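Enquirer: Can you read through this structure? Questions will come right after.
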Amino acid sequence: MDKVSVIIVNWNGKRLLSECLDGLRHQIYQPLSIILVDNGSSDGSIDFVNHNYPEVKTIALPKNVGFSAANNYAFNTIKTEYVALLNNDAIAHPLWLKHLVEALEYHPEVGFAASKMLFYDNPETIDRAGDSYTRAGTGLLRGRGESVSNYNKQEWIFGACAGAALYRTLMLRDIGLFDEDFFLVYEDVDLSFRAQLKGYKCLFMPEAVVFHKASSSIVYDSPISVYYSHRNLEWVYIKNMSSELILKTIWLHIIYDLAAFLFFAANGRAKEFIMAKWDALKGVKRMLKKRKQIQRNKKVDDNYIWGLLERELFLPRLVRRLSRN
């Protein structure tokens, strides 16, 4: 049992770490190493872990470099065949890692595997069952708010939430790590898209369960969440959608952006939304440079990608949003 390293990124999450790390202590499949990367916390997180969890390797970064860069920093230190990522606000079931490893062991075509993430305070409800991507060029939390009983079978899906996922190290070395320009949010959607374009499949493993204290680190629809989500979704779209699929989806994408603006303007987040789109525009040149390489190296055709994309259902998305307000 020496095939897996687990990476946890932490920023002032001391209050969350006991349950998270205890969950890893109780895994049936024990990882070779657990690495906690701390993004310049001021709450004593590093001392707490060093004192109470000596088996955990800690990396103390001097400042908050974001989720993407922190994971990349740790990834570059590991040599295991697989790497698991786990949020500091997620508590893994004892069989979590065992089932994720089985997905990659038994299915050589699988490059990464997604977990069944349940709400910590309401474990009968799905937080997310992997990630989807819509024909409007936006990410979608697969299964959010649905009954846990609706997601009990293994399925091929678009991608994995990096809050609880397992990746082949060779795949990551092939497609590249998280895009550090993203800082946080949508970096896992971008990575999933790049993986799919290179022919690596994602398998949803319903047996791999984690209990997620959703939005413990980034408050739902907070200014920081709105800004990074709506800047980075544009960069995912620009980098990864082929020219043909952009022509096929651009009007839906524009409609989505207009609807999102109206929603956030009504909820006092117009400033963050507009700033996100302005900064996305300022970064287009960098994204187009990355796009050139991604599109040149892709190994699947547009029909395959189109088949992975979900229809954009604006009304259900709005209803879910309003139910949180």
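Enquirer: If you go through the range 182-200 one residue at a time, how many are surrounded by fewer than 22 Cβ atoms within 10 Å (Cβ to Cβ), of a type outside the set (A, V, I, L, M) and more than 15 Å from the chain's Cα centre (by Cα)?
Expert: Matching residues across the range 182-200 total 2.
Enquirer: Report yes if Glu109 is surrounded by fewer than 24 Cβ atoms within 10 Å (Cβ to Cβ), touching a residue at least 40 places away in the same chain (Cβ under 8 Å) and among the charged types (D, E, K, R), otherwise no.
Expert: Yes, satisfied.
Enquirer: Filter the range 40-56 for residues that are outside any helix (DSSP H, G or I), surrounded by fewer than 17 Cβ atoms within 10 Å (Cβ to Cβ) and out of contact with any Lys or Arg (no Cβ under 7 Å at 6 or more places or on another chain) and give the result.
Expert: Within the range 40-56, Ser42, Pro54, Glu55 qualify.
Enquirer: Next question, about the same structure. In the range 121-145, what count of residues is obtained for those that are among the acidic types (Asp, Glu) and in contact with a helix residue (DSSP H, G or I) (Cβ under 9 Å, 6 or more places away or on another chain)?
Expert: 2
Enquirer: Quick check on this structure: which one of Gly66, Gly159, Gly130, Gly176 is without any contact (Cβ under 8 Å) to a residue 40 or more places away in the chain, surrounded by 16 or more Cβ atoms within 10 Å (Cβ to Cβ) and under 30 Å from Ile250 (Cβ atoms)?
Expert: When all the criteria are applied, what remains is Gly176.
Enquirer: Then there is this: Would a scan of the range 311-319 turn up a residue that is surrounded by fewer than 20 Cβ atoms within 10 Å (Cβ to Cβ), outside the structural domain of Gly199 (by TED's automatic domain parsing), modelled with pLDDT of 95 or more and not in a helix (DSSP H, G or I)?
Expert: Within the range 311-319 (the criterion being surrounded by fewer than 20 Cβ atoms within 10 Å (Cβ to Cβ), outside the structural domain of Gly199 (by TED's automatic domain parsing), modelled with pLDDT of 95 or more and not in a helix (DSSP H, G or I)), the answer is no, since none of the residues qualifies.
Enquirer: I would also like to ask the following. All but one of (1) modelled with pLDDT under 95; (2) part of a strand (DSSP E or B); (3) not basic (Lys, Arg) hold for Val219, so report the exception by its number.
Expert: Val219 satisfies all of (1) modelled with pLDDT under 95; (2) part of a strand (DSSP E or B); (3) not basic (Lys, Arg) except (2).
Enquirer: Among the residues that make up the range 176-198, is at least one of them within 25 Å of Lys3 (Cα to Cα) and part of a strand (DSSP E or B)?
Expert: no
Enquirer: Now for a different question. Answer yes or no: is there a residue in the range 79-86 that is more than 17 Å from Lys3 (Cβ to Cβ) and not in a strand (DSSP E or B).
Expert: no
The values are calculated or read from the model by the stated rules, or taken from the named source; none is laboratory data. Every value quoted in this text rests on a predicted model; they were computed, and no experiment measured them. FYI the Cβ positions are ideal-geometry reconstructions off the backbone, even for glycines, and counts take in every protein chain you see.
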